[in-house]
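> I have a structure here, written as structure tokens, and I will follow up with some questions on it.
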Amino acid sequence: MLRESDHLFRIGGDEFVIVADGADHDSALHLTEKIRQGVASKNLVPGQQMTISLGLAVLDDEDTIDTWLARADEALYNAKNAGRNQVHSERDVSRADAPR
């Protein structure tokens with residue numbers, strides 16, 4: 001599901017990072033949703049439904065690797081806390097924290 005220009009890294013335990021070079025937020029969101037649906041639709045382990053939760057953050061010019069990964073991690077945990085098998089982005093985090 002990844003493009004040749006994308007890179008997949010394991011950063012620890014069951015957490016991975018996909019660097020989708022040149023992708024804007026919308027294309028990265030499309031990619032992560034495609035991956036989520038692909039995993040959910042596969043019978044990877046017979047008799048066991050497999051799902052994944054994904055957090056999305058776009059690397060900004062002022063970011064360090066740590067600030068970028070922190071935003072992605074926060075989005076990931078929001079997806080898990082919202083019931084798993086979901087994609088959440090940093091934009092979802094921003095909206096959730098905004099005054100109402």
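Each reported figure results from applying straightforward, stated rules to the coordinates on display, with no laboratory input. Note that the coordinates shown come from a computational prediction; the quantities given were computed from them, not determined experimentally. All Cβ positions, even for glycine, are placed from backbone atoms using ideal geometry, and neighbour counts span all protein chains on display.
> So what is the relative contact order of region 7-97, in percent, for Cα pairs below 8 Å that sit 6 or more residues apart?
24 percent
> Please list, by residue number, every one of the trypsin sites (Lys or Arg not before Pro) in region 1-68 that is coil in DSSP and has at most 13 other beta-carbon atoms within 10 Å.
Passing sites in region 1-68 are Arg3, Lys42.
> Among all stretches of the chain without exposed GluC sites (Glu not before Pro) (DSSP loop, at most 12 other Cβ atoms within 10 Å), which one is longest?
The longest such stretch corresponds to 5-61.
> How far, in degrees from 0 to 90, does helix 25-41 lean away from the longest principal axis of the Cα atoms of the chain, to the nearest 10?
The helix 25-41 is inclined about 20 degrees to the chain.
> How much of the calculated P(r) for region 7-97 lies past 22 Å, in percent of all Cα pairs?
It works out to 25 percent of all Cα pairs.
> Please get the size of the charge dipole for the chain, origin at its Cα centre, with Cβ charges of +1 on Lys and Arg and -1 on Asp and Glu, quoted in debye to the nearest 20.
Rounded to the nearest 20 debye, it is 740 debye.
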